[in-house]
Amino acid sequence: MQIQVPAMSNNATATCNNADMPPDHGRLPSADDLLILLAVGRTGRYNTAADDLGVNHTTISRRIAALEASLGGRVLAKSGNGWELTARGKDALAAAENIEAAVRSLVGPNDEAEGVVRVSATDGFSAYVVAPAVAQVRRRHPGISREIVATTRRASQQRSGMDVEIVVGEPQVHRAEAIKLSDYHLGLYASRDYVQDNGSPATVEDLQAYPLVYFIDSMLQVDDLDIAPGFAPSMRESVTSTNVFVHVEATRAAAGIGLLPCFMADRHDDLVRLLPTEVSIRLDYWLVSRAETLRRPEVAHVVDAIRAVVDEQRSALLGEN
């Protein structure tokens, strides 16, 4: 939703770091100011909110200051690399959501959702779940733009710049909702050429004679993925990478035995699974987002589509294909 922000006088240039101040009884909170708070509250960043609204960072800062002056206290507090809503800010954001809903209702219940939805997810999940999900959303709601950031990391404690995060392992987050999407399995795979030339392990103990294709240990940010030492501590490293697609392609190129997500490896007929009973590692995907972000229509459409694709691909995620 584009907001036209009128010019302000210089007497409203206080910053969010000011202590609580008496409310400006001569001025009710501006609807424009509340909608700007809504944008900052959803993204956690002034710059991102400014880009979404088509204004500059200074305007965002001045409008938040004006809102705080009219309400008599801070609505945002600096936290890490983002901004978090205060208790007063949460009350103001609820009012802003009502304003947004009222504006949307003016164009009727069939109005198309619009806006930018930013999703962060692991490489494989981005490609095989998020991409088809947002393609479905695009066909149904062409006014929604989607940005996918492929990365393997822990859930952020500040929702800065991302509307939705998909992470591995149950996250410990504050001021956000964590929703379990699905379990998924990893297994050991090798190319048919590799097995023909080098044989295959008959037991877990035999793995020490084979090279492993997996993540770079020193750069791994997700504790749940630090699993190779648990079942094969003696396996020597072959190709390591921060990108799981590199794992798959290196394994297909006969670089060694790859510890791969089944929903990615099982797509390739030239890969065979090794020791499927002995090595079947179960992890889980979680969706993390602010509660107020999940209430945005455009975000709700994307989340619903992601969950639908997860349901369609659950057998593949569990390595049952």
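The values are calculated or read from the model by the stated rules, or taken from the named source; none is laboratory data. Keep in mind it's a predicted model, so treat the numbers as computed, not measured. We place every Cβ from the backbone using ideal geometry, glycine too, and count neighbours over all the protein chains shown. Areas reflect the complete protein model, heavy atoms only, side chains present, ligands, DNA and RNA absent. Shrake-Rupley method; radii C 1.70, N 1.55, O 1.52, S 1.80 Å.
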Exercise. Filtering region 32-52 down to residues that are open to solvent by less than 10 Å² (accessible area, probe 1.4 Å) and at pLDDT below 85, which residue is farthest from R118 (Cα to Cα)?
Worked result: G41
Problem set entry | Members of region 249-298 found to be over 27 Å from the mean Cα position of the chain (by Cα) and charged (D, E, K, R), listed by number | R252, D269, D270, R273, E278
Seminar exercise, completed: Listed by first then second residue, the pairs whose first member lies in region 273-298 and is farther than 16 Å from S120 by Cα, whose partner is among the polar types (S, T, N, Q) and open to solvent by 40 Å² or more (accessible area, probe 1.4 Å), with beta carbons under 7 Å and at least 6 positions apart or on separate chains, are L274/S200
Exercise. Looking at (1) modelled with pLDDT of 95 or more; (2) aromatic (F, W, Y); (3) surrounded by fewer than 20 Cβ atoms within 10 Å (Cβ to Cβ), which is the only condition Y189 fails?
Worked result: (3)
For this session: Need at least 2 residues that are under 19 Å from D226 (Cβ atoms) per element, so show me which strands (runs of 3 or more DSSP E) inside region 241-314 make the cut, counting only ones lying wholly within it.
Result: 257-261, 280-289
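If we scan region 196-209, do we find a residue that is of a type in the set (D, E, K, R), at pLDDT 90 or above, under 30 Å from T86 (Cβ atoms) and open to solvent by 30 Å² or more (accessible area, probe 1.4 Å)?
Checked region 196-209: no residue is of a type in the set (D, E, K, R), at pLDDT 90 or above, under 30 Å from T86 (Cβ atoms) and open to solvent by 30 Å² or more (accessible area, probe 1.4 Å).
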Problem set entry | Qualifying residue in region 211-225 (condition: within 26 Å of P132 (Cβ to Cβ), modelled with pLDDT under 95 and of a type in the set (G, A, S)) | no
Exercise. Looking at region 57-78, which of its residues are within 13 Å of G41 (Cα to Cα), among the hydrophobic types (A, V, I, L, M, F, W, C) and surrounded by fewer than 22 Cβ atoms within 10 Å (Cβ to Cβ)?
Worked result: A77
Problem set entry | Residues satisfying the stated conditions in region 291-321, i.e. in contact with a strand residue (DSSP E or B) (Cβ under 9 Å, 6 or more places away or on another chain) and of a type in the set (V, I, T) | T293, V299, V302, V303, I306, V310
For this session: Tally the residues that are open to solvent by 10 Å² or more (accessible area, probe 1.4 Å) and farther than 20 Å from A131 by Cβ, restricting the search to region 282-313.
Result: 9
Problem set entry | Residue match in region 79-93 (condition: open to solvent by less than 40 Å² (accessible area, probe 1.4 Å), aliphatic (A, V, I, L, M), more than 23 Å from R27 (Cβ to Cβ) and touching a Gly at 6+ places or on another chain (Cβ under 9 Å)) | no
For this session: Could you please find all residues in region 43-84 being under 20 Å from the mean Cα position of the chain (by Cα) and touching a residue at least 60 places away in the same chain (Cβ under 8 Å)?
Result: T43, G44, R45, T48, D52, S79, G80, N81, G82, W83, E84
